[in-house]
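Comments concern the structure below.
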Amino acid sequence: MDGVLHDCVLCSDAATGYRKYASTKQIPLQVLNATRGAKKYGLYHLNNVNAYHSRLKRWINPFNGVSTKYLPNYLVWFQRQDSMGMLPSSVVANRLLDHSHLPTVFTTTKRLL
């Protein structure tokens, strides 16, 4: 399971593509069908993913489309900004300088598939 932790659970909406992916990768799947009122099941919910997706859409919208070739770069850029969003600007500046020399490591969608 490249790029997926061994103890993870895939929590998804009712889209059928997730079932096949979870089955192929042998990942436990928790389906929440919001149209049937299942917005939460125990500790499983889609709120974090939906909120993250909303922030990403708002952030990427001004670019008027992003080439698939450069999408990983934009996602890393967004992730850095999003993870530091609630910090004071002086702390953000220091962290960016501290981490500017480190190589960026992320999992691409090709590696997950």
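The values are calculated or read from the model by the stated rules, or taken from the named source; none is laboratory data. Please read these numbers as outputs of a predicted model, since none were measured by experiment. For neighbour counting, all protein chains shown are included, and Cβ atoms are generated from backbone atoms with ideal geometry for every residue, glycine included.
Restricting attention to the range 17-48, the residues that are part of a strand (DSSP E or B) and not hydroxyl-bearing (S, T, Y) add up to 5.
All conditions in (1) β-branched (V, I, T); (2) at pLDDT below 80; (3) in contact with a strand residue (DSSP E or B) (Cβ under 6 Å, 6 or more places away or on another chain) hold for V9, with the sole exception of (2). Pick from the range 59-84 the residues that are in a loop (DSSP other than H, G, I, E, B) and surrounded by 10 or more Cβ atoms within 10 Å (Cβ to Cβ): which of them is modelled with the lowest pLDDT? Once the filter is applied, the top-ranked residue is M84.
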